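To keep things clear, I will list the structure first and then write my remarks on it.
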Amino acid sequence: MFHVPADRPHLAHWPRRLPRELVLPETSLWFNLEVSATRYPDKPLYLFFGRRHRYAQVRAQAEALAGWLQSVAGVRRGDRVVLFMQNCPQYAVAYYAVLRADAVVVPVNPMNRADEFGHAVSDPEARVIICSADLAGVVEAAQAELPAARRAARVLVTRYADAMDAPEATDPEDAPSAAMDAWLRADPALPVDADGVSPSGARWTRWTQALDAGLVPEPHRSGPDDLAILPYTSGTTGLPKGCMHTHRTLMANVVGAGTWAPSGAESVSLGVVPMFHITGMMYGLHAPIMGGATVVVMPRWDRELAGRLISRHRVSHWVCIPTMIIDLFGSPNYARFDLSSLRYLSGGGAAMPQAVAQRLLDEFGITFAEGYGLTETAAPTHANPPERAKLQCLGIPIFGVDARVVDPVGLQELPPGEIGEIIVRGPMVFQGYWRHEEATAAAFCEFDGRRFFRTGDLGRMDEEGYFFITDRLKRMINASGFKVWPAEVELLLYKHPAVQEACIISTQDAYRGESVKAVIVPRSEARGRVTAQEIIDWAREHMAAYKVPRVVEFVEALPKSGSGKVMWRLLQDREHGRQPPG
């Protein structure tokens, strides 16, 4: 058990309703589905465009697929299986089937192209790929470029429509847009011959065929310390590395999720954060399954659909990316959405602008409780207590977590208010990077006689023990010796009435070395009216001179990752590519 020193300042403000540490089950994650399916067999686990996928049905499908993985695909204990698709009920079935087969899930971003996807297959030496039909071409192209010994021998493919009702049977309130519906119901040809073998040598099987085989898996043997998932994270250098998480490290936040923000079988959540992402995985798969909750699944973000689904299904819990809230407010219909059912609204990945959070509070009476975590920590290490949340704040360290702010070089602890690197220790911290001993060693440090994970994030702690992020170590802008943290400038710009979204990057400057550039998506009513000079003049009135953007670029949209985070690095690389050194 991880013990937190009694003198940590956040403990003075710890909610009385919560235990300070959790006692975790000595079981695998699969057992959580087994229990909930026994307790709530006829209750919907997932609602997918109106179709109900009940707990007993999901368990039965996962067991049948686990039998296919073992009996047909030859998956053995500890083997790696890639999941490559958008959010859908099949994702959960496949995920828990891999766990039931005592194997390891490798979740991959469905936005990956062939070169990126190939690494996710070859590095973990995956035996099987489970993908959606729309990504079959990416899978085959990636496999063709790999040495034969590094290819997956089996590919299992599903259509999203396999989990949907016919269009005429779908209530209009649950229906996707015409464009999304066409994508979901598409049936692209697979790159296989008459025997189901592709040019890369892999044998392909349809999802329905594998389930219909009705194969029975071997007895489940995985325990809490067996490897469960291997999500890949890019970090700052080199190719993405796999983060080794056991059933136990995941279980810490699975149990914690339902305890921190009370939820159970009566809860309904909106599952729109991608399930390949550690946050979507935790709050769209594991936590609802353990608590017996229902998840309304969205395969892609669509603000109009999200507003309708929250209203129609009385969604009570929504963990999201703040950019989704910002986009929802950008809808001309947002005032018509009924958000009164929401009891808990939280998220991370980017700071929630104060102006947006205030609108949520003023117009809907909802407090946005931010949290903080990484792939390496299986989502949160920090969260805001719903009853005492602070805006633009990571919150306090959660159950069993010891977090410090230290000097990034000397690793001495810094006093409240000073900026340094955030380091953490807790039951959800990963075991290390897959086959990267040096990277694993560099990711940890010894502090106060214990092993802490170095997050690479800069932040500060206030006198009450609440943590605030400043930025990534690699993102700081050095303008004539002044340190500019882009996230801070972004949050200030959100207060401008014409700004819907903003991303701060550096631009080269012959005199200052680097200067601040703002890439802005204006609000619809301000497009074509607001000027760059107006933004700059406003910024001069609201922030220190060295933080003021020297350059402003207006765009239709900011590039975002599959999890909804703004891809600042892509904008930064484009900027450096277009300008010669000063």
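Residue by residue, here is whether (1) surrounded by 13 or more Cβ atoms within 10 Å (Cβ to Cβ); (2) modelled with pLDDT under 95; (3) in the same structural domain as residue 253 (by TED's automatic domain parsing) holds:
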{"position": "410", "(1), (2), (3)": "no, yes, no"}
{"position": "415", "(1), (2), (3)": "no, no, no"}
{"position": "419", "(1), (2), (3)": "yes, yes, no"}
{"position": "427", "(1), (2), (3)": "yes, no, no"}
{"position": "434", "(1), (2), (3)": "yes, no, no"}
{"position": "444", "(1), (2), (3)": "yes, no, no"}
{"position": "457", "(1), (2), (3)": "yes, yes, no"}
{"position": "462", "(1), (2), (3)": "yes, no, no"}
{"position": "466", "(1), (2), (3)": "yes, no, no"}
Worksheet item: Does the range 95-129 hold any residues that are at pLDDT below 90 and among the acidic types (Asp, Glu), and which are they?
Response: 115, 116
Response to the item:
Scanning the range 509-541 for residues that are at pLDDT below 85 and surrounded by 13 or more Cβ atoms within 10 Å (Cβ to Cβ), the one nearest to the chain's Cα centre (by Cα) turns out to be 514
Worksheet item: Within the range 154-173, restricting attention to residues that are at pLDDT below 95 and not aliphatic (A, V, I, L, M), which residue is surrounded by the fewest Cβ atoms within 10 Å (Cβ to Cβ)?
Response: 168
Item to complete: Pull up the range 239-262, narrow it to residues that are under 16 Å from residue 288 (Cα atoms) and not in a helix (DSSP H, G or I), then point me to the one that is modelled with the highest pLDDT.
Response: 261
Fill in: All positions within the range 91-121 that are in contact with a Lys or Arg (Cβ under 6 Å, 6 or more places away or on another chain) and either of a type in the set (Lys, Arg) or under 16 Å from residue 28 (Cα atoms) (or both)
102, 104
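Over 15 Å from residue 279 (Cα atoms), in contact with a helix residue (DSSP H, G or I) (Cβ under 8 Å, 6 or more places away or on another chain), of a type outside the set (Val, Ile, Thr) and not in a helix (DSSP H, G or I): is that true of residue 400 in this structure?
Numbers: over 15 Å from residue 279 (Cα atoms): yes; in contact with a helix residue (DSSP H, G or I) (Cβ under 8 Å, 6 or more places away or on another chain): yes; of a type outside the set (Val, Ile, Thr): yes; not in a helix (DSSP H, G or I): yes.
When the stated conditions are applied, residue 400 passes them.
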Worksheet item: Could you count how many residues in the range 6-42 are loosely packed, with under 12 Cβ neighbours inside 10 Å and outside any loop (DSSP other than H, G, I, E, B)?
Response: 3
Worksheet item: Among all residue pairs at least 6 apart or on different chains, which show Cβ distances below 8 Å where the first residue, located in the range 89-110, is of a type in the set (S, T, N, Q) and the second is in a helix (DSSP H, G or I)?
Response: 90/160; 90/162; 90/163; 90/207; 109/116
Worksheet item: Mind checking whether some residue in the range 52-65 is of a type in the set (Phe, Trp, Tyr), part of a helix (DSSP H, G or I) and farther than 30 Å from residue 390 by Cα?
Response: yes
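Only one residue in 2, 84 is in contact with a strand residue (DSSP E or B) (Cβ under 9 Å, 6 or more places away or on another chain), farther than 16 Å from residue 297 by Cβ, of a type in the set (Phe, Trp, Tyr) and at pLDDT below 95. Which one?
2
The values are calculated or read from the model by the stated rules, or taken from the named source; none is laboratory data. Since the model is a prediction, treat every value here as computed from it, not as a measurement. Because the Cβ atoms are built from the backbone with ideal geometry, glycine has one as well, and the counts that use them run over all protein chains shown.
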